[in-house]
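I have placed the structure first, in the form of structure tokens, so that the comments after it can refer back to it.
Bear in mind that the values in this text are calculations on the coordinates, not laboratory data. Quick caveat: nothing in here was measured; it's all calculated off a predicted structure. All Cβ positions, even for glycine, are placed from backbone atoms using ideal geometry, and neighbour counts span all protein chains on display.
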Amino acid sequence: MKKINLSTHAIEKSDFLIAKEIIKPDIVVESGIKELDLILGGFKSGEITYIDGDSSLISSIPDQLCVNTYRTFHSDIIYIDAGMCADPYKISKYALKLEISPREILEHVHISRAFTVYQLATLIQDRLEQAIKRYKPQTLIIGRLPIFYLDSDVESKEAQVLLRTNLYKIRELTTKYDLITVFTNLDRKMLTNNIDVRKILHKEVDEVVMMKQTEISTKVELVKRQENTVILQLAKGQLRLQEFGMVI
């Protein structure tokens, strides 16, 4: 009988498992902003990304993620609007830019609006998983997530408990359904005055993207990776040096 080298067999099996893990491709959707996508590598499934700052570009990112998710995966999107930021017209406009039917896109974007922190908690705790099972989305967006936790009518400790509870649930669902989850906040000053809410958010997400507006650009910082870049915002018709084969 041929003697089996058990140690060699074990190594080969181990190597196979490691290789299988390494070659597993990421499921990624891009923002549509070249500089951001290059530094971030796109928004990845199973991860939560939080975009914060005062850049005017932030407001367009959820719209572009809706279109790019459908264009890439032909899957649905769940968009929870916590600050009256979801705009079907803007989603349609971006779809037209990419020569995609706005009607087709909007049929796959499911928007729910919350007007209080308690309504938001109900959506996340009681209704979100049902919607995920029904629509099978690839991307979950929560626009202006922090706004209700900074409401002066909600006691600070209660707001923090609600935020932690909701973030735990979102993490659970993101992992369970392999979602691409993105939060936004378009008012950095709001969180500057509430360090506790900011700390909770930064701790519970996989990456924090800070986008700070300047006169002619947006400075982008990946807080956890400690990487940064700049997005030039030029006047209409103005060309960059790259257009002439020159790179800064």
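Full extension of the chain segment joining LYS34 with PHE115 gains 25.8 nm, where the gain is 0.36 nm per residue of separation less the Cα-Cα distance.
Spin-label pair SER59-THR214: with each label point 7 Å from Cα along the Cα-Cβ axis, the two points sit 2.3 nm from one another. Take 60-73, 162-175 and order them by the average number of nearby Cβ atoms within 10 Å per residue, most first; the result is 60-73, 162-175. With a Förster radius of 22 Å, plug the Cβ-Cβ distance of LEU98 and GLN233 into 1/(1 + (r/R0)^6) and report the FRET value to the nearest 0.05. It comes to 0.60.
Can you pick out the pairs among LYS93/LYS199; LYS136/LYS157; LYS133/LYS212; LYS97/LYS136; LYS93/LYS133 whose Cα atoms lie more than 32 Å from each other? With Cα atoms farther than 32 Å apart: LYS93/LYS199; LYS136/LYS157; LYS133/LYS212. Once the Cα-Cα distance is subtracted from the 0.36 nm per residue extended length, the MET84 to LYS136 segment shows a gain of 16.3 nm. For the pair the range 117-154 / the range 163-225, the C-alpha centres are spaced 15 Å from each other.
Between LYS199 and GLU107, what's the calculated FRET efficiency when r is the beta-carbon distance and R0 is 45 Å? Round to 0.05.
Calculated value: 0.70.
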